[in-house]
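*Asks:* Before I ask anything, let me first share the structure, which is written out below as structure tokens.
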Amino acid sequence: MIKLKDIMEGKDESHKLMKISKFLSYVLRHKPESIGLTLDPNGGWADVKELLRLSNITMDTLQTVVRTNNKKRFEFNAGRSKIRASQGHSVGIDLGYSPSQPPSKLYHGTAKQNLDSIRATGINKGTRQHAHLSADIQTAMKVGSRWGDPVALEIDAEKMAADGHTFFISTNGVWLTDHVPPEYIV
């Protein structure tokens, strides 16, 4: 079982918040069982009291991480009794997002070394539930820079939607779809 306190020893406050954010991403998106947490399959919600107990995070710290996360990856329910990751799950949950009409163009950030594969097979979701797209080039470039020399690919989302592909938008503004076939990459 992961022990957050072991990750946190000897760190300054901003570094601690970043580490807690990464920890929350891990348990709320990929491995809730690593700390003994259960996610509701309908919405991906976790009980806040249980998360606090299992992780030794305080409610004040949890609220600070949720409020200050620059990607707005986490959200509370109205009563702050439940928390979830907004998107990016590799575990089988239904976030309950309704299909949405995308803008005419969306963007996908990646690294140059991935271009040949993407041009051959499209943008795949990998181990996640959806492929992630951005509404603007700047965000896509920022995402792509995590993997190397960044590239933003333009997606003809309007044509994809007209051809029957379904899109969702997460509460933090990330556009989600099952797969982007290569013919929609401009």
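The values are calculated or read from the model by the stated rules, or taken from the named source; none is laboratory data. Predicted, not measured: the structure shown is a model, and the values here were computed from it. Note: ideal-geometry Cβ built from the backbone for every residue, glycine included; neighbour counts use all protein chains shown.
*Asks:* Would you call residue 127 among the hydroxyl-bearing types (Ser, Thr, Tyr), part of a loop (DSSP other than H, G, I, E, B), in the same structural domain as residue 109 (by TED's automatic domain parsing) and within 14 Å of the chain's Cα centre (by Cα)?
*Replies:* On the way: among the hydroxyl-bearing types (Ser, Thr, Tyr): yes; part of a loop (DSSP other than H, G, I, E, B): yes; in the same structural domain as residue 109 (by TED's automatic domain parsing): yes; within 14 Å of the chain's Cα centre (by Cα): yes.
Yes: the conditions hold for residue 127.
*Asks:* Let me ask something else. Within the range 37-46, identify whether any single residue is assigned to a strand (DSSP E or B) and under 14 Å from the mean Cα position of the chain (by Cα), and answer yes or no.
*Replies:* Within the range 37-46, not a single residue is assigned to a strand (DSSP E or B) and under 14 Å from the mean Cα position of the chain (by Cα).
*Asks:* Scanning the range 92-124 for residues that are in a helix (DSSP H, G or I) and hydroxyl-bearing (Ser, Thr, Tyr), which turns out farthest from residue 40 (Cα to Cα)?
*Replies:* For the range 92-124, the residue satisfying everything is 117.
*Asks:* Can you tell me which residue in the range 47-71 is modelled with the lowest pLDDT, limited to those that are among the polar types (S, T, N, Q) and not in a helix (DSSP H, G or I)? Before you say what the answer is, go through the steps one by one.
*Replies:* To start, the set of residues in the range 47-71 that are among the polar types (S, T, N, Q) comprises 55-56, 58, 61, 63-64, 68-70.
Filter once more, keeping what is not in a helix (DSSP H, G or I): 56, 58, 69-70.
Values: 56: 90, 58: 95, 69: 88, 70: 85.
Filtering first and then ranking leaves 70.
*Asks:* Which residue pairs have Cβ atoms closer than 8 Å, lie 6 or more positions apart in sequence or on different chains, and pair a first residue in the range 45-71 that is in the same structural domain as residue 21 (by TED's automatic domain parsing) and in contact (Cβ under 8 Å) with a residue 24 or more places away in the chain with a second residue that is in a helix (DSSP H, G or I) and polar (S, T, N, Q)?
*Replies:* If the second residue must be in a helix (DSSP H, G or I) and polar (S, T, N, Q), the pairs left are 65/21; 69/21.
*Asks:* Among the numbered criteria (1) more than 13 Å from the chain's Cα centre (by Cα); (2) within 14 Å of residue 100 (Cα to Cα); (3) modelled with pLDDT under 95; (4) not acidic (Asp, Glu), which single criterion is violated by residue 161?
*Replies:* Of the numbered conditions (1) more than 13 Å from the chain's Cα centre (by Cα); (2) within 14 Å of residue 100 (Cα to Cα); (3) modelled with pLDDT under 95; (4) not acidic (Asp, Glu), the odd one out for residue 161 is (3).
*Asks:* Tell me which of these residue 5 doesn't satisfy, since it passes every other one: (1) in contact with a strand residue (DSSP E or B) (Cβ under 9 Å, 6 or more places away or on another chain); (2) modelled with pLDDT under 95.
*Replies:* Of everything listed in (1) in contact with a strand residue (DSSP E or B) (Cβ under 9 Å, 6 or more places away or on another chain); (2) modelled with pLDDT under 95, residue 5 misses just condition (1).
*Asks:* Take the residues in the range 83-115 that are touching a strand residue (DSSP E or B) at 6+ places or on another chain (Cβ under 8 Å), among the small types (Gly, Ala, Ser) and on the phi < 0 side of the Ramachandran plot; name whichever of them is surrounded by the fewest Cβ atoms within 10 Å (Cβ to Cβ).
*Replies:* 98
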